[in-house]
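The values are calculated or read from the model by the stated rules, or taken from the named source; none is laboratory data. None of the values given here were measured: they were computed from a predicted structure. Neighbour counts are summed over all protein chains in view; Cβ atoms, including those assigned to glycine, are modelled from backbone coordinates with ideal geometry. Note: accessible area is taken over every heavy atom of the protein model, side chains too, but ligands, DNA and RNA are not part of it. Shrake-Rupley method; radii C 1.70, N 1.55, O 1.52, S 1.80 Å.
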Amino acid sequence: MPATTNDPTMDEKTFEDLLARVRAGAAQRERDRELPTALVRELAAAGFPNAHVPASAGGEGADLETLFDRLIRLARADANVAHVFRGHLAFVEKQYFEPDPAVREAWWARVLAGDLVGNAVSEASATSDLSTVLRETDAGLRLDGRKFYTTGSIYADWIDTSAAFGDVSVQVFVPTRAPGVEVVDDWKGFGQRLTGSGTTTFTDVAVEPGHVRTIDPDDDLQTYALGFFQNVLLAVVAGIGFAALDDTVEYVRGRRRIFGYAGEALPREHHLVQAEVGALSSAASAARAIVLQAARTLDAALHAHLRGDSSLLAGAQLEVYRAQQVVLPLVVDATARLFEVGGASAVDVDLGLDRHWRNARTIATHNPAIHRRRAIGDFELNGTTTRRYLPAG
């Protein structure tokens, strides 16, 4: 059952207490593949994933900079836990583009009551065609199909999925515990192991007609959502940079020898170690600044859209794609270099320092940056604005 929350505003002390608990067991949970279900539900109950629900709907009404700053802080405690909320955070944003106020308010009410929404869009197929199908039967609408990389769905109350409905692509909302829904934790990636990014299967699942929306790949929602989804990933990566810094500093401060020298030579006083820690600190700080700037750009574009001006949405999407080109290599490289501070002992599996690179590298494979790099170049050279950029040929 979903947890409930009476106060839509995230209490800072409560959030800090939760962050401390999330951080305390992060390395152990990843080693043991222990899903942080209770922590995810507590964060939902505290209001974390619903900060951007507007005050007019009973929410906190925080701006996107505040939301993404909190997301970075949560990822600093545990990147897996932060990543779990990606689909939910995007679902909250999608309601801003829902034309029916009653539908919009109903979904915001559900999430404020504690319901969590997971994501199930990707399919493991040779083409981009949807094999998941919504069909009309004498008994009503039925959903059949299989989705992969269904991040967060194993923790969720609802699944936001996609399907073919005749010749139309649709977005479908399905209760996670509905008959015929099966969510399996079979994600095999070497990083982000606890995000629940496994397989979700739908077998003759009943769907309410009001829980179906047509997908237009060229509408304003898709333009905004693509940028928002990506900035969530970049926020998690920025948090990984800070987590790597925290663990590296703790590791170095506790050591009394460095490299192969005999006797006592405090690593924290060695200029080479200091340089590597300085580089890691700089990478994390720069990544955070870039992500928050992208969040401000998204926020401005959304507010303009709500006033009837959608001209800023494509530019906001491009701004996130530019951020992607810098944040990902910056943090991936820094988390790979952190091992220079301690030699062979730094690779001890009990320390778990390797998880930071693995997690950052795993996230960097999502929506490959090289495709977005080309989109940016096409825009700069030819003025082409692409809303849903796919590789040519």
Rounded to the nearest whole Å³, what is the per residue volume of the convex hull around the Cα atoms of region 224-362? 92 Å³
Quick check: convex hull of the Cα atoms in region 161-292, volume per residue, rounded to a whole Å³? 172 Å³
Evaluate 2.2 N^0.38 Å with N set to the residue count of region 307-393, then give the Cα radius of gyration divided by it. 1.49
Rounded to a whole number, what % of the accessible area of region 13-122 do carbon and sulfur atoms account for, probe 1.4 Å? 52 percent
Value at 222 nm in deg cm²/dmol, rounded to 500, when DSSP H runs of n ≥ 4 in the chain each add -39,500 (n - 2.57): -16000 deg cm²/dmol
Would you kindly calculate the mean projected area, averaged across all directions, of the convex hull enclosing the Cα atoms of region 1-100, in square nanometres? 6.8 nm²
Between residue 289 and residue 246, what length comes free when the chain is fully extended (0.36 nm per residue of separation minus the Cα-Cα distance, one decimal in nm)? 13.7 nm
Semi-axes a, b, c in Å (a largest) for region 268-347, each sqrt of 5 times a Cα gyration tensor eigenvalue, come to 38, 11, 7
Kindly provide the chymotrypsin sites (Phe, Trp or Tyr not before Pro) of region 150-228 that DSSP labels as loop, not H, G, I, E or B, and whose Cβ sees at most 13 other Cβ atoms within 10 Å. 190
How large is the direction-averaged shadow of the alpha-carbon convex hull of region 108-175, in nm²? 5.4 nm²
Label-point separation in nm, residue 17 to residue 274, each point 7 Å along Cα→Cβ: 4.0 nm
Quick one: if the Förster radius is 35 Å, what FRET efficiency do residue 253 and residue 190 give, using the C-beta to C-beta distance and rounding to 0.05? 0.80
How much solvent-accessible surface does residue 131 expose, in Å² to the nearest 10, with a 1.4 Å probe and all protein chains in place? 80 Å²
What whole-number value in Å² describes the accessible area per residue of the chain for a 1.4 Å probe? 43 Å²
Straight-line reach from residue 188: which lysines have a Cα under 30 Å away, not including same-chain ones fewer than 8 places off? 94, 147
Portion, in percent, of the accessible area of region 137-190 that falls on carbon or sulfur, probe 1.4 Å: 54 percent
Would you compute the Debye intensity of region 211-259 from its alpha-carbon atoms alone, equal scatterers and no solvent, and pass along log10 I(q)/I(0) at q = 0.13, 0.22, 0.27, 0.29 Å⁻¹ to two decimals? -0.55, -0.84, -0.96, -1.01
Give the percent of DSSP beta bridges with both residues in the chain that are antiparallel, rounded to the nearest 5. 85 percent
Pop a pseudo-label 7 angstrom from the Cα along the beta-carbon direction at both residue 345 and residue 55 and give the gap in nm to one decimal. 5.4 nm
For region 16-81 and region 144-166, what is the separation of their Cα centres, given in Å? 22 Å
FRET efficiency, residue 33 to residue 106 (Cβ-Cβ, R0 45 Å, nearest 0.05): 0.80
Top of 59, 87, 189 by mean-square fluctuation, Gaussian network on the chain, Cα under 10 Å: 189
